[in-house]
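*Asks:* First the structure, then my questions, so here it is.
Taken together, the values in this text are just the output of simple stated rules run on the coordinates, not laboratory data. Quick caveat, the model's predicted, so the values are computed rather than measured. So basically every Cβ, Gly included, is an ideal-geometry build from the backbone, and we count neighbours across all protein chains shown.
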Amino acid sequence: MSRAFVPDRLDVRRFAEEGARLDGSTPLSAFERLLAETQGRGADAPVAWQAEGELRNPRHVQPEIRMHLQAHARLALTCQRCLQPVELPVAVDRDFLFVDDEAAAAALDDESEEDVLVTSRAFDLPALVEDELLMALPIAPRHETCPPVSLEVADPGFEAAEAEPRKNPFAQLGKLKPGGEG
């Protein structure tokens, strides 16, 4: 009997026991921190994701609870060369091992190739998708070839200020001196 799994309240153990699979496409606006990286650009852009549970050694005293996660999106980031928007693909393809508590996770984390997380009956899968995509963002996003940038500045008051005669600051100080003109 297969049951429906809810991504934001996922029972990880049951998900793995059933070898279940969840996938979806969520608008970028649902991922607040990821949207902040785009400065609000492309809020309707889809973030596609897929998660698949697996239980290894099911008859063992401590079966391995695993999840494979894939996610991808095209994000409008800020180019670090020209400071203009640049649309870049960001993708994640990761495996996770789930354990019963934080102590076990800390003990296994250094020796395991997969990321080690704590099992939960209300695991937030969309938060994991967002975390992983944030970590996959390029450190310095940039265009292959930046569009031309205009380096021209126009200040209408500049010409008028240059045309006015300048006052000598020392002449102004002389007026303050006793016996000075004033």
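*Asks:* With angles folded into 0 to 90 degrees, how steeply does helix 125-136 sit against the dominant principal axis of the chain? Use alpha carbons for both and round to 10.
*Replies:* That works out to roughly 50 degrees.
*Asks:* Report, in deg cm²/dmol and to the nearest 500, the calculated mean residue ellipticity at 222 nm for the chain, where each DSSP H run with n ≥ 4 adds -39500 (n - 2.57) and the sum is divided by the residue count. Can you show the working numbers first?
*Replies:* Working: 6 runs with 48 residues, N = 182.
Taken over the chain, the calculation gives -7000 deg cm²/dmol.
*Asks:* What do you get for GluC sites (Glu not before Pro) in segment 111-176 restricted to DSSP loop and a cutoff of at most 16 other Cβ within 10 Å of the site's Cβ? Don't skip to the answer; put the middle values down first.
*Replies:* Working: sites: 111, 113, 114, 130, 132, 144, 152, 159, 162; in loops: 111, 113, 114, 144, 152.
Filter output for segment 111-176: 111, 113, 114, 144, 152.
*Asks:* Applying the Karplus parametrisation 6.51 cos²θ - 1.76 cosθ + 1.60 with θ = phi - 60° to the phi angles of segment 168-179, what ³J(HN,Hα) value in whole Hz is obtained for each residue in order, glycine and proline being reported as x?
*Replies:* 6, x, 6, 5, 5, 5, x, 5, 7, 5, x, x
*Asks:* Shifting gears a bit: Could you tell me which trypsin sites (Lys or Arg not before Pro) in segment 1-104 are loop residues by DSSP with no more than 15 other beta carbons within 10 angstrom of their beta carbon?
*Replies:* Details: sites: 3, 9, 13, 14, 21, 33, 41, 56, 59, 66, 74, 81, 94; in loops: 3, 41, 59, 81.
Here the sparse-neighbourhood loop sites are 3, 41, 59, 81.
*Asks:* While we're on this one: Starting from the amide H of residue 78, placed 1.01 Å from N in the peptide plane, find each other amide H under 5 Å away whose residue is 5 or more places distant or on another chain.
*Replies:* 86
*Asks:* Once phi is turned into θ = phi - 60°, what whole-Hz ³J(HN,Hα) does the Karplus curve with 6.51, -1.76 and 1.60 give for every residue of segment 18-33, x standing for Gly and Pro?
*Replies:* Residue by residue, segment 18-33 yields 8, x, 6, 9, 10, 8, x, 9, 10, x, 4, 4, 6, 10, 4, 5 Hz.
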